[in-house]
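Q: Can you read through this structure? Questions will come right after.
Throughout, read-outs are computed from the coordinates displayed, never taken from laboratory work. Being a predicted model, the structure only gives us computed values, none of them experimental. FYI the Cβ positions are ideal-geometry reconstructions off the backbone, even for glycines, and counts take in every protein chain you see.
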Amino acid sequence: MAACVAPMFAGWSAAADDAVQSAALQPGAPVDARVVDKGKVLYAHHCSHCHGFNMVNPGTISYDLRQFPHNNKERFVSAVIYGKNGRMPQWGDALSLDEIDQLWAYVLTGGQP
């Protein structure tokens, strides 16, 4: 559980703000199944311990990602990079923007296999 609340790094550069903007503002094109598969693997490794296997929330303080608004990628990208409310760690130093896009593609599936 400590991994869910411990920050992953101390700060983020101004360039990351631009990255959030550019990654978040890309139009929602049809999602490639290979991208979703990569996102599922990343999710299992980095996210499932807090957000649950296949996004079935384990009843903890973590957000139920199946309920995440599909029209708000910018919010998702920002939360992944910077963390959220001191409960979600910052993943900006551990995940590339491509990996965050892959996670987003998986989140859009609602955890469906």
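Q: Tell me, what HN-Hα J-couplings in whole Hz come from the Karplus equation 6.51 cos²θ - 1.76 cosθ + 1.60 at θ = phi - 60° for each residue of region 95-104, using x for Gly and Pro?
A: 10, 7, 5, 5, 5, 5, 4, 5, 4, 4
Q: Rounded if a/c is under 1.5, else prolate if a/b beats b/c, else oblate: with a ≥ b ≥ c from the C-alpha gyration tensor eigenvalues square-rooted, which is region 32-113?
A: Taking the square roots of the gyration eigenvalues as a ≥ b ≥ c, region 32-113 is rounded.
Q: Same structure again: Starting from the 7 Å offset along Cα-to-Cβ, what nm value, one decimal, do you get for the label separation of D32 and S96?
A: For D32 paired with S96, the spin-label model returns 1.3 nm.
Q: Short version: ³J(HN,Hα) in whole Hz for each residue of region 31-43, in order, from phi by Karplus 6.51 cos²θ - 1.76 cosθ + 1.60 (θ = phi - 60°), x for Gly and Pro, what are they?
A: Karplus-based 3J(HN,Hα) across region 31-43 equals 8, 6, 4, 5, 5, 4, 4, 5, x, 5, 5, 4, 4 Hz.
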